[in-house]
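Here the structure comes first, spelled out in C-alpha cells, and everything after it is commentary.
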Amino acid sequence: QTKTLSKWMKEQNIPGIYEIDTRALTKIIREKGTILGRIVSDEIPKNLPPIEDPNRRNLVASVSTTSPKTYNPNGQPRICVVDCGMKYNQLRCFLSRGACVEVVPWDYDITKVDYD
C-alpha cells in the first residue's frame, strides 16, 4: 500500500517539520553551529525538561572508540584512522582493498603509530 511520508511518520510517532525553508535553516546551522531547540505542536507543553546544551560535553569522545583496534594486520597500505565518529562503511572500503587499518581514539597520540 502506498502512503505519504507524512502519513507514515504519523503512524510511527516520528516528529517532523514542514513549511520551512530548509536551505535557510541549513545556512544558519552551518554559520552558527549547533542550535538548541524543540519541535512542538500547536501548544507548548508545560513543565518541559530543560534542553541539554550539547556544546557543554565532548560529543566526539562519546562516539569515538575507546582503545586502538587493528583490522587486517598484514594488509597494505597501513592506514591510521582517528575515530571522530567514523562511518563503518569507510572501514569496510579500506579493508575490501586489502589495507591494514588501525582505528584509534580521537585523543590518541598518532606519533606512536606506524602508518603509510
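The values are calculated or read from the model by the stated rules, or taken from the named source; none is laboratory data. Given the structure is predicted, the values throughout are model-derived calculations rather than measurements. When we count neighbours, we look across all protein chains shown, and the Cβ atoms used for this are built from the backbone with ideal geometry, even at glycine.
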Tell me which residues, restricted to segment 36-56, are in a loop (DSSP other than H, G, I, E, B) and either among the aromatic types (Phe, Trp, Tyr) or surrounded by 10 or more Cβ atoms within 10 Å (Cβ to Cβ) (or both). 36, 40
Would you call residue 15 closer than 23 Å to residue 105 by Cα and either in the same structural domain as residue 108 (by TED's automatic domain parsing) or out of contact with any His (no Cβ under 7 Å at 6 or more places or on another chain) (or both)? no
Would you call residue 65 within 15 Å of the chain's Cα centre (by Cα), outside any helix (DSSP H, G or I) and without any contact (Cβ under 8 Å) to a residue 24 or more places away in the chain? no
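Okay, residues lined up against (1) surrounded by 12 or more Cβ atoms within 10 Å (Cβ to Cβ); (2) modelled with pLDDT under 95; (3) outside the structural domain of residue 36 (by TED's automatic domain parsing):
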site: 66; (1), (2), (3): no, no, yes
site: 79; (1), (2), (3): yes, no, yes
site: 82; (1), (2), (3): yes, no, yes
site: 88; (1), (2), (3): no, yes, yes
site: 103; (1), (2), (3): yes, no, yes
What pairs come out if I take residues in segment 11-28 that are exposed (fewer than 10 other Cβ atoms within 10 Å of the Cβ) and pair them with residues that are assigned to a loop (DSSP other than H, G, I, E, B) and at pLDDT 90 or above whose C-beta lies under 9 Å away, six or more apart or interchain? 11/3
